[in-house]
Amino acid sequence: MSRRVDTLVVGAGYAGAVMAERLASDGRQVLVVDRRPHIAGNAFDHPDAAGVLIHPYGPHIFHTNAPQVVAYLSRFTEWRPYEHRVRAVVKGMLLPIPINRTTVNRFFGLDLARDEVANFLAAKAVPIARQRTAADVVLGTVGQELYEAFFRGYTRKQWGVDPSELDSSVTARVPTRVDDEDRYFTDSFQAMPLGGYTRMFEAMLDHPNITVHLGVDFAEIRKEVRYGQLVYTGPIDEYFGYRYGRLPYRSLRFQHVTLNTTQHQPVAVVNYPSPDVPYTRITEFKHLTGQHHAKTSICFEYPSATGDPYYPVPRPENAALYARYRALADATPNVVFVGRLATYRYYNMDQVVGQALATHRRMTERLRADQGDGAIVAIPAAPLTS
């Protein structure tokens, strides 16, 4: 492992792979290391024992309104059109989520026309002057009954606390609709990599200037590799030795089951908001991949307080703790912090790609302005704009 490279990239997920590919294309010698035994981070996919293509770390659905992100990733994959739909088990029924006209009518046993749904929900809404919490957002939009049935139990399982203790951003991500639109996302581009995510990452990292070492922990080799620039995509608090304490995350545990049937459920994801059910959702991957197979594979998702970091916990005290680490990062020369874990934000896949591309652009501009000695200077991660 002892060697000299222009750039050491820690992490072979989206942020690391995009940065590695862009820097390698600039002519830099790049070494990518990842503590996991595979590339692609949480987007990693592979066939299970039965040959069904699965996502070991839960469902990953690509969607974006950023044409530049699509153009970039399309260099490494073709696409399979896919529009994501989710149902929730409530009152023994499979109801659309996000809430739409169908959800409202079936839940309340009504037959409201589209122009009546908005007034009905407005009458149900709880008057809240300033929506500060995740509970406020839902109660102030759809009222107590739909909040209890669809959101409270699910959120408490997912985050381990009541929605009233979480930032409003948690539930603000899920819209409420008054029409019959039942797609989970309405982005202009919705598709899945035709050959799967892992193949897309393989193509991205297939560059003569890139070397990849897997099963390698940065902490164990950081003194063995000489580099001019470090791109770090791991947990920011870990990089600094947890100097101010650990940043809180929610984790997930996945139970994968192969079934001797061609299809288990009508859509890819079914939510289980009831507090009496220990898991939050079941995913059936063949809906996502379009694979034809005599068997199917499903995944039960169990939120956990321990395990790999997945979701930053959006609370004011956690944001304040991250700000202290961010200040350390800004003062650390020749290190670029990019991605979800390094910037303690929950980003969609396209947003991570966009952040990495923007960060590379800023690095390129700074380097061009510093042609005098060719030094590699520290560039902070670009702010998220998409």
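When region 64-89 is examined, which residues are found to be crowded, with 20+ Cβ neighbours inside 10 Å and closer than 16 Å to residue 194 by Cβ?
73, 77
Among the residues that make up region 234-251, is at least one of them touching a Phe, Trp or Tyr at 6+ places or on another chain (Cβ under 9 Å), under 21 Å from residue 281 (Cβ atoms) and among the aliphatic types (A, V, I, L, M)?
Taking every residue of region 234-251 in turn, none turns out to be touching a Phe, Trp or Tyr at 6+ places or on another chain (Cβ under 9 Å), under 21 Å from residue 281 (Cβ atoms) and among the aliphatic types (A, V, I, L, M).
Any residue that is at pLDDT 95 or above, surrounded by fewer than 18 Cβ atoms within 10 Å (Cβ to Cβ), in contact with a Phe, Trp or Tyr (Cβ under 8 Å, 6 or more places away or on another chain) and not in a loop (DSSP other than H, G, I, E, B) - is there at least one of those in region 342-351?
no
Checking residue 180 against (1) surrounded by fewer than 16 Cβ atoms within 10 Å (Cβ to Cβ); (2) more than 30 Å from residue 269 (Cα to Cα); (3) touching a residue at least 12 places away in the same chain (Cβ under 8 Å); (4) among the acidic types (Asp, Glu): exactly one of these is not met. Which one?
Residue 180 satisfies every listed condition except (2).
On the basis of being over 17 Å from residue 215 (Cβ atoms), among the small types (Gly, Ala, Ser) and without any contact (Cβ under 8 Å) to a residue 60 or more places away in the chain, does residue 71 make the cut? Reasoning before the result, please.
On the way: over 17 Å from residue 215 (Cβ atoms): yes; among the small types (Gly, Ala, Ser): yes; without any contact (Cβ under 8 Å) to a residue 60 or more places away in the chain: yes.
Answer is yes for this residue.
If you scan region 76-108, which residues turn out to be under 15 Å from residue 175 (Cβ atoms) and either part of a strand (DSSP E or B) or among the aliphatic types (A, V, I, L, M) (or both)?
Let us first name the residues in region 76-108 that are under 15 Å from residue 175 (Cβ atoms), namely 84-86, 88, 96-104.
Of everything in region 76-108, those that are under 15 Å from residue 175 (Cβ atoms) and either part of a strand (DSSP E or B) or among the aliphatic types (A, V, I, L, M) (or both) turn out to be 86, 88, 96, 97, 99, 104.
Mind listing whichever residues of region 19-34 are farther than 11 Å from residue 7 by Cβ and in a helix (DSSP H, G or I)?
21, 25
May I ask you to list the residues in region 65-98 that are in contact with a strand residue (DSSP E or B) (Cβ under 6 Å, 6 or more places away or on another chain) and either of a type outside the set (Asp, Glu) or at pLDDT below 95 (or both)? Reasoning before the result, please.
We begin by selecting, within region 65-98, every residue in contact with a strand residue (DSSP E or B) (Cβ under 6 Å, 6 or more places away or on another chain); these are 70, 77, 79-83, 86-88, 94-95, 97.
Hits for region 65-98 are 70, 77, 79, 80, 81, 82, 86, 87, 88, 94, 95, 97.
Within region 215-259, can you find the residues that are farther than 19 Å from residue 307 by Cβ and charged (D, E, K, R)?
Residues satisfying the conditions are 220, 222, 223, 224, 226, 243.
Read through the list (1) over 24 Å from the mean Cα position of the chain (by Cα); (2) within 30 Å of residue 155 (Cβ to Cβ); (3) surrounded by 15 or more Cβ atoms within 10 Å (Cβ to Cβ), then give the number of the only condition that residue 24 fails.
Condition (2) is where residue 24 drops out.
Could you please give the count of residues in region 132-162 that are over 23 Å from the mean Cα position of the chain (by Cα), of a type in the set (S, T, N, Q) and crowded, with 20+ Cβ neighbours inside 10 Å? I'd like the intermediate steps shown before the answer.
Step one: list which residues in region 132-162 are over 23 Å from the mean Cα position of the chain (by Cα), which gives 132, 136, 139-149.
In the following step, the residues that additionally are of a type in the set (S, T, N, Q) were identified as 141, 144.
This time we only want the ones that are crowded, with 20+ Cβ neighbours inside 10 Å, so: 141.
Final tally of qualifying residues: 1.
Enumerate the pairs (first residue in region 198-215 and in contact (Cβ under 8 Å) with a residue 12 or more places away in the chain and more than 15 Å from residue 38 (Cβ to Cβ); second residue anywhere and polar (S, T, N, Q) and exposed (fewer than 14 other Cβ atoms within 10 Å of the Cβ)) with beta-carbon separation below 8 Å, excluding pairs fewer than 6 apart on the same chain, so at least 6 apart or on different chains.
From region 198-215, the pairs are 207/25; 209/25.
Would you confirm, using the coordinates I've provided, whether residue 166 is touching a Phe, Trp or Tyr at 6+ places or on another chain (Cβ under 7 Å), surrounded by 20 or more Cβ atoms within 10 Å (Cβ to Cβ), among the aliphatic types (A, V, I, L, M) and at pLDDT below 95?
On the way: touching a Phe, Trp or Tyr at 6+ places or on another chain (Cβ under 7 Å): yes; surrounded by 20 or more Cβ atoms within 10 Å (Cβ to Cβ): yes; among the aliphatic types (A, V, I, L, M): yes; at pLDDT below 95: yes.
Against the criterion (touching a Phe, Trp or Tyr at 6+ places or on another chain (Cβ under 7 Å), surrounded by 20 or more Cβ atoms within 10 Å (Cβ to Cβ), among the aliphatic types (A, V, I, L, M) and at pLDDT below 95), residue 166 qualifies.
Among the residues of region 44-53, write down those that are hydrophobic (A, V, I, L, M, F, W, C) and outside any strand (DSSP E or B).
Scanning region 44-53 gives 44, 49, 50, 52.
Identify all residues within region 117-136 that are assigned to a helix (DSSP H, G or I) and under 23 Å from residue 180 (Cβ atoms); write none if there are none.
117, 118, 119, 120, 121, 122, 123, 124
Considering region 54-75 alone, what residues qualify as being assigned to a helix (DSSP H, G or I) and polar (S, T, N, Q)?
68
The values are calculated or read from the model by the stated rules, or taken from the named source; none is laboratory data. Nothing here was measured: the structure is a model prediction, and the numbers come from that model. Virtual Cβ from ideal backbone geometry, glycine too; neighbours counted across all protein chains shown.
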